[in-house]
Amino acid sequence: MMKYLLGLDIGTSAVKTVLFDENMQAINAVSEEYPLNQPQNGWAEQNPDDWYRASLNTIRAVLAKSNIDPQSIAGVGLSGQMHGLVMLDKNDVVIRPSIIWCDQRTAAECREITEKVGAKRLIEITANPALTGFTASKILWVRNHEPENYAKCAHILLPKDYVRFRMTGEYATEVSDASGMQLLDVPKRRWSDEILRKLDINRKLLAKVYESADVTGNISRQFAKASGLSTDTVVVGGAGDNAAAAIGTGTVKNGRAFTTIGTSGVVFAHTDKLSIDPDGRVHTFCCAVPGCWHVMGVTLAAGLSLKWFRDNIADNYKAAAAKKNVDAYVLMNEAVAGIPCGSNRLIYLPYLMGERTPLLDPECRGVFFGLSAIHKKEDMMRAVMEGVAYSLSDCYDVLKGMDVNVDNMMACGGGGKSPIWRQMLADMFNCKVQTLYSEEGPALGVAILAGVGAGIFKDVVSACDQFIKTDSICNPIPQEHNYYEKGHALYKKIYVQLKNCYSELVNL
């Protein structure tokens with residue numbers, strides 16, 4: 001009998017549930033959206049029960065569309081948005097809405113963590129400086145501002161792990177998602193007693209930590225009745241969204257990496273040996289391959305920069321696209337193809353939201369440098385794309401400086417669909433940039449993990465070798481690489497020259 005696997009990607013805007021057969025061919029996929037609430041400026045919260053309902057509804061819908069025996073579904077894998085804080089009381093009732101990854105209320109708590117643990121020691125243990133996005137600062141915020149809620153707390157879970165609890169009745173997490181809590185000893189892949197002691201957080205509040213392909217439990221009778229799944233189906237650890245995407249792109253060996261151009265941008269590389277940046281410019285997390293890690297640089301306004309340009313300056317492309325019934329980005333890519341490398345000596349700094357890697361500067365802002373009367377909208381458009389690629393090159397350079405070397409780069413996300421952008425990345429990184437045959441990403445990654453946990457596949461790496469297929473390839477063009485090497489040096493110099501001016505601008 002053919003075996004099947006379910007991959008759930010529990011994102012910020014929706015759950016996407018995909019059913020795969022044992023050859024990792026997608027059979028059916030269903031998504032369901034839910035709201036994000038912003039009670040105050042800079043806050044972001046969601047109702048964990050929304051994630052659960054969307055997960056249940058999409059599983060039911062996929063089963064209804066697929067007409068297969070639920071007994072044939074061997075395993076379920078869960079991917080999800082990272083860092084969100086879910087607090088349950090002793091009766092397993094959600095105490096307050098989840099404070100999610102993009103919430104910015106915890107600056108004071110980050111300072112508290114740094115003071116209590118020590119900046120250097122914090123990076124040695126958790127591989128990252130204290131950041132507002134991470135879970136530990138959210139726990140301290142609830143303790144500092146809502147002591148009555150903190151007093152009621154019996155269990156702390158991450159978003160996907162709350163859905164797991166509702167599916168299996170188990171309090172469990174896994175190493176890749178737990179790495180983003182700032183409570184895990186990332187080198188040792190277990191909770192850090194030292195961090196928990198210094199922050200006065202009871203270890204009993206935290207879930208058991210598994211490797212990503214380990215079985216964490218079976219579908220409970222209650223969830224089987226509600227969903228139509230079988231109690232014989234196993235649920236594996238799964239992975240945080242980027243770690244799941246790594247499996248779904250085959251980024252499971254040294255030399256492999258992927259670049260995502262979504263709203264933000266990510267350069268993500270696999271490494272078999274632990275590598276931590278002492279300056280905290282990039283994140284090092286446990287990855288979904290046992291005994292391995294990944295290193296990730298983040299740029300904040302990647303696809304956001306092009307969207308901003310489309311909406312505010314190139315709105316004529318939106319109007320033309322509506323008339324032709326095509327995506328505006330298709331027309332913009334066609335226009336940019338006619339502009340030479342270097343955008344006629346125009347450089348864009350994509351710091352619309354400040355910048356993470358490698359600057360860690362919340363005050364810097366976007367710049368067009370070199371603008372003259374010869375430049376047209378299309379020159380600016382290409383400069384925006386090149387500026388984003390320069391910022392991703394900054395991330396890539398930090399990885400190379402940590403001896404994390406790449407010879408195989410995948411391009412993902414909306415921007416990764418642009419052949420122009422992929423060619424820029426190949427030219428700047430000076431390595432081939434490929435796309436994937438499948439676009440299921442995180443859901444495919446966690447379904448592969450489920451297949452390993454269910455005993456269908458031997459291990460994660462061999463399963464990726466078998467099922468992850470590449471599509472198109474961009475090879476670097478030597479003369480364009482030579483231009484971009486000089487352009488990147490100037491790009492970095494512009495930030496250095498403007499650094500103090502950004503602080504003056506904030507206080508103007």
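Mean shadow of the range 293-364, computed from the convex hull of its alpha carbons, in nm²? Averaging across all directions leaves 7.0 nm² for the Cα convex hull. Of the residues 505, 436, 78, the one with the fewest other Cβ atoms within 10 Å heads the list, and the complete ranking is 505, 436, 78.
Projecting the Cα atoms of 42, 212, 72 onto the charge dipole of the chain, computed from C-beta unit charges around the Cα centre, puts 42 farthest toward the positive end.
Pairs of Cα atoms nearer than 8 Å and 6+ residues apart set the relative contact order; for the chain it is 16 percent. At 20 °C and 1.002 mPa s, grab the translational diffusion coefficient of the range 194-277 from Stokes-Einstein with a Kirkwood Rh over Cα pairs, rounded to a whole number in µm² per second. Approximately 131 µm²/s, per Stokes-Einstein. The chymotrypsin sites (Phe, Trp or Tyr not before Pro) of the range 26-109 that DSSP puts in a loop, and whose beta carbon has at most 16 other beta carbons within 10 Å, are 43. Expressed as an acute angle from 0 to 90° and rounded to the nearest 10, what is the orientation of the C-alpha long axis of helix 315-324 relative to the principal long axis of the chain? With both axes taken from Cα atoms, the answer is about 70 degrees. Pairs spanning more than 18 Å between alpha-carbon atoms, out of 253/400; 273/400; 120/198; 116/204; 3/160; 400/469: 116/204; 3/160; 400/469. Evaluated at q = 0.12, 0.15, 0.17 Å⁻¹, the base-10 log of the normalised Debye intensity for the range 250-439, with identical point scatterers placed on the Cα atoms, takes the values -0.58, -0.88, -1.08.
The fraction of Cα-Cα pairs per 10 angstrom bin, counted from 0 for the range 75-136, comes to 20, 37, 32, 10, 1 percent, rounded to whole percents. Only the Cβ atoms of Lys and Arg (+1) and of Asp and Glu (-1) were treated as charged; on that basis the dipole of the chain about its Cα centre amounts to roughly 220 debye.
Taking Cα centre as origin and charging only the Cβ of basic (Lys, Arg, +1) and acidic (Asp, Glu, -1) residues, the dipole magnitude of the range 4-237 rounds to 460 debye.
About its Cα centre, the range 250-439 has a charge dipole of approximately 520 debye under the convention of +1 per Lys or Arg Cβ and -1 per Asp or Glu Cβ, with nothing else charged. For the range 444-508 versus the range 250-326, the spacing of their alpha-carbon centroids is 6 Å. Histogrammed with a bin width of 5 Å, the alpha carbon distances of the range 4-237 distribute as 1, 7, 14, 18, 19, 15, 11, 7, 5, 2, 0, 0 percent, first bin at zero.
Among 247-258, 391-402, 356-367, the peptide with the highest mean count of other Cβ atoms within 10 Å heads the list, and the full ranking is 247-258, 391-402, 356-367. Structural descriptor for the range 155-234: relative contact order 32 percent, calculated from alpha carbon pairs under 8 angstrom and at least 6 residues apart. What share of the DSSP beta bridges in the chain is antiparallel, in percent to the nearest 5? Here the antiparallel bridges make up roughly 70 percent for the chain. Note on the range 250-439: dipole from Cβ charges, positive end direction compared against 265, 328, 369; the farthest Cα belongs to 328. Helix 159-168 and the longest principal axis of the C-alpha atoms of the chain enclose an angle of approximately 20°. Checking the a/c ratio against 1.5 first, then a/b against b/c, what shape does the Cα gyration tensor give for the range 349-430? Oblate, because a/c is 1.5 or more while a/b does not exceed b/c.
As a size descriptor, the averaged projected area of the C-alpha convex hull of the range 363-508 was calculated at 12.3 nm². At q = 0.10, 0.12, 0.13 Å⁻¹, what is the base-10 log of I(q)/I(0) for the chain according to the Debye formula with one equal point scatterer per Cα and no solvent? Please give it to two decimals. After summing over all Cα pairs, the log10 values are -0.78, -1.12, -1.30. Please name whichever of 127, 181, 171 sits farthest to the positive end of the charge dipole of the range 125-210, dipole taken about the Cα centre and charges placed at Cβ: Lys and Arg +1, Asp and Glu -1. The Cα lying farthest towards the positive end belongs to 171.
To the nearest ten degrees, helix 419-429 and the longest principal axis of the Cα atoms of the chain are 80 degrees apart.
Any read-out appearing in this document is the output of simple, stated calculations on the displayed coordinates, not a laboratory observation. For clarity, every value in this text was computed on a predicted model and none was experimentally measured. So basically every Cβ, Gly included, is an ideal-geometry build from the backbone, and we count neighbours across all protein chains shown.
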